[in-house]
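Quick notes on the structure that follows.
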Amino acid sequence: MVIKPKVRGFVCITAHPEGCAAHVREQIEHVRANGPVDKGPKRVLVIGASTGYGLASRITAAFGSGAATLGVFFERPSTNGKPASAGWYNTVAFEEAAAAEGLWAKSLNGDAFGDELKTRAVQILKDEVGPVDLVVYSLASPRRTDPKTGETYRSVLKPIGEPYTSKTLDTDRKRVEPITIEPAVQEEIDATVKVMGGEDWERWMLALDEAGLLADGCTAVAYDYIGPEVTWPVYTNGTIGAAKRHLRETAARIDALLKVNRGRAFVSVNKAVVTQASSAIPVVPLYISLLFKIMKEKGLHEDCIQQMDRLFRDKLFSGKGLDFDEAGRVRVDDWEMREDVQSAVAELWPKVMTETIDELTDFAGYQENFLKLFGFGLPGVDYEADVDPERPVPSLA
């Protein structure tokens with residue numbers, strides 16, 4: 001079949017297997033071009049491994065450090081002749097590349113919040129890998145079912161305390177429009193914390209610890225975002241921010257657990273990039289379009305793979321020790337938050353309207369990155385060719 005992009009709001013409901021493979025190869029080549037991560041991890045568990053920062057982490061660990069990787073995710077295979085999800089095709093491409101390099105790689109597809117998948121992951125690690133020296137927690141899900149109670153919680157993207165009015169970018173219609181978001185009630189705040197906070201990360205770490213699968217000196221990292229003040233009401237000070245505060249509190253408890261064996265746990269604050277998750281947050285796509293233009297002009301632009309490669313090489317495994325901010329976080333958003341970058345954003349923000357999008361922002365770059373998430377717009381891919389959407393993940397456990 002010939003697969004074309006079909007965009008609905010902030011998601012593309014189709015994905016191209018050859019394009020996703022080309023995107024994965026691009027990321028692998030970036031890591032290879034920078035040489036080995038000499039002090040990098042050798043046995044890695046990535047929870048949320050199929051897209052975005054999780055996929056980039058898995059690629060960096062495998063092709064920068066030669067690590068054995070177990071990836072956990074929840075993706076849709078091809079059914080009834082319909083394309084699989086992008087994360088499925090990404091994993092197919094990753095595993096094929098890993099096998100060609102002689103790297104151990106297996107994947108688990110299912111509910112990472114549930115106990116069954118944790119049990120399966122623990123058994124695979126026990127049988128085939130041994131104690132892990134890096135755990136990456138990079139889940140982004142709109143809902144979570146608590147395995148203890150069976151109750152399902154749904155996250156919301158809302159401010160806390162009072163309504164928030166700003167402008168946002170309708171990416172479908174390429175229009176800048178005003179938006180007002182009503183504040184979350186306490187039940188919505190609590191639900192968002194249950195979904196996006198640190199509770200599940202801690203359950204993973206405790207399960208690994210109980211099974212004796214945390215190596216001496218193990219590193220555990222989860223990902224966060226802060227961004228500029230213009231996004232704070234709906235992000236840092238909103239429901240997501242409440243969940244991220246819980247994530248940081250959880251990191252402190254996991255850090256105490258790992259310190260017994262000279263390990264460490266912390267949150268890494270990464271820059272704004274185009275992901276399926278960030279595309280859903282009001283205001284953020286407009287900000288990213290501005291940010292891309294400014295950072296590209298300054299030679300500072302990074303996508304997920306550049307961020308993770310820099311995190312691994314310059315911070316986690318550099319041998320130089322880690323620099324933490326006042327809240328105990330590692331910062332890889334340092335280039336985004338430079339004063340000259342943010343002052344340029346602040347200057348342009350009031351001037352951006354529908355008529356000035358192309359002049360003042362890099363909306364074209366935003367769209368390009370968005371489509372690449374689903375395997376479209378990659379050089380060297382024949383998008384008019386018939387392709388078989390059925391692609392098995394080679395080492396799906």
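Given axes a ≥ b ≥ c from the Cα gyration tensor, I'd like to know whether region 230-308 is rounded (a/c under 1.5), prolate (a/b larger than b/c) or oblate.
Values: a/c = 3.25, a/b = 1.62, b/c = 2.01.
Here region 230-308 falls in the oblate category.
Label point 7 Å out from Arg154 along Cα-to-Cβ: which residues of region 101-120 have amide N under 20 Å? Flagged as within label range: 111-114. Extension gain, Val260 to Lys6: 0.36 nm times the residue separation minus the Cα-Cα distance gives 86.4 nm.
Would you mind estimating how fast region 315-370 diffuses translationally, via Stokes-Einstein at 10 °C and 1.306 mPa s with the Kirkwood radius over Cα pairs, in µm²/s?
On the way: Rh = 14.3 Å.
The diffusion coefficient I find is 111 µm²/s.
Indicate the gyration tensor shape class of region 347-397 (rounded, prolate or oblate), computed on the Cα atoms with a ≥ b ≥ c the square roots of the eigenvalues: a/c under 1.5 is rounded; otherwise a/b larger than b/c is prolate and the rest oblate. It is prolate, given that a/c is not under 1.5 and a/b is the larger ratio. Computed over the Cα atoms of the chain, the ratio of the radius of gyration to the Kirkwood radius (Rg/Rh) comes to 0.94. Dipole magnitude for region 263-377: computed about the Cα centre from +1 point charges on Lys and Arg Cβ and -1 point charges on Asp and Glu Cβ, it is near 500 debye. By other beta-carbon atoms within 10 Å, ranking Met337, Met205, Met1 with the fewest at the front produces Met1, Met337, Met205.
Can you tell me how region 292-339 classifies by the Cα gyration tensor, rounded, prolate or oblate, using a/c under 1.5 as the rounded cut? The partial results should precede the final answer.
Details: a/c = 2.73, a/b = 1.54, b/c = 1.77.
It is oblate, given that a/c is not under 1.5 and a/b is not larger than b/c.
With the simple model of a label 7 Å out from the Cα in the direction of the Cβ, Ala252 to Trp104 spans 3.6 nm. Across region 310-326, computed HN-Hα scalar couplings (Karplus, 6.51 cos²θ - 1.76 cosθ + 1.60, θ = phi - 60°) run 5, 4, 5, 6, 8, 10, 5, 10, 7, x, 9, x, 9, 9, 10, 7, 5 Hz from first to last residue, x flagging Gly and Pro. Antiparallel beta bridges, as assigned by DSSP with both residues in region 1-122, represent about 25 percent of the total such bridges.
For a quick check of your reading of the filter: which GluC sites (Glu not before Pro) in region 6-71 sit in a DSSP loop and have no more than 12 other Cβ atoms within 10 Å?
On the way: sites: Glu18, Glu26, Glu29; in loops: none.
Taking region 6-71 and a limit of 12 other Cβ atoms within 10 Å, no loop GluC sites (Glu not before Pro) are found.
Please rank Cys12, Cys20, fewest neighbouring Cβ atoms within 10 Å first, as an exposure proxy. All intermediate terms of the calculation are to be shown ahead of the outcome.
On the way: Cys12 21, Cys20 31.
Placing the least packed residue first, the sequence is Cys12, Cys20.
The distance linking region 219-283 with region 1-64 is 21 Å (Cα centroid to Cα centroid, whole angstrom). Taken one residue at a time, the phi angles of region 201-213 give Karplus couplings (6.51, -1.76, 1.60, θ = phi - 60°) of 3, 5, 5, 4, 5, 5, 5, 5, 5, 4, 8, x, 10 Hz. Gly and Pro are set to x.
Remark: region 65-70, residue by residue, has Karplus-estimated 3J(HN,Hα) of 10, x, 6, 6, 10, 10 Hz, where x stands for each Gly or Pro and the curve is 6.51 cos²θ - 1.76 cosθ + 1.60 at θ = phi - 60°. If the chain linking Asp111 and Ala280 were pulled fully straight, counting 0.36 nm for each residue of separation and taking away their Cα-Cα distance, it would gain 58.7 nm.
For the residue pairs Lys6/Lys106; Lys244/Lys296; Lys174/Lys351; Lys293/Lys320; Lys158/Lys194, alpha carbon separations beyond 25 Å are given by Lys6/Lys106; Lys244/Lys296; Lys293/Lys320.
Distant-in-sequence amide contacts of Ser85, defined by a placed amide H-H separation under 5 Å and a gap of 5 or more residues or a different chain, comprise Arg76.
Note on region 130-217: dipole from Cβ charges, positive end direction compared against Met205, Val136, Thr180; the farthest Cα belongs to Thr180.
If the segment from Glu162 to Glu384 were pulled out straight at 0.36 nm per residue, it would be longer than the present Cα-Cα gap by 75.0 nm. Relative to one another, the C-alpha centroids of region 354-397 and region 91-144 are positioned 25 Å apart.
Exposure proxy shown here: for Lys298, Lys167, Lys194, the number of other Cβ atoms within 10 Å sets the order, fewest to most, as Lys298, Lys167, Lys194.
Every read-out reported here was derived from the displayed coordinates using simple, explicitly stated rules and does not represent laboratory data. Computed from a prediction, not measured in an experiment: that's the story for all the values here. Positions of Cβ are backbone-derived with ideal geometry, glycine not excepted, and every protein chain shown enters the neighbour counts.
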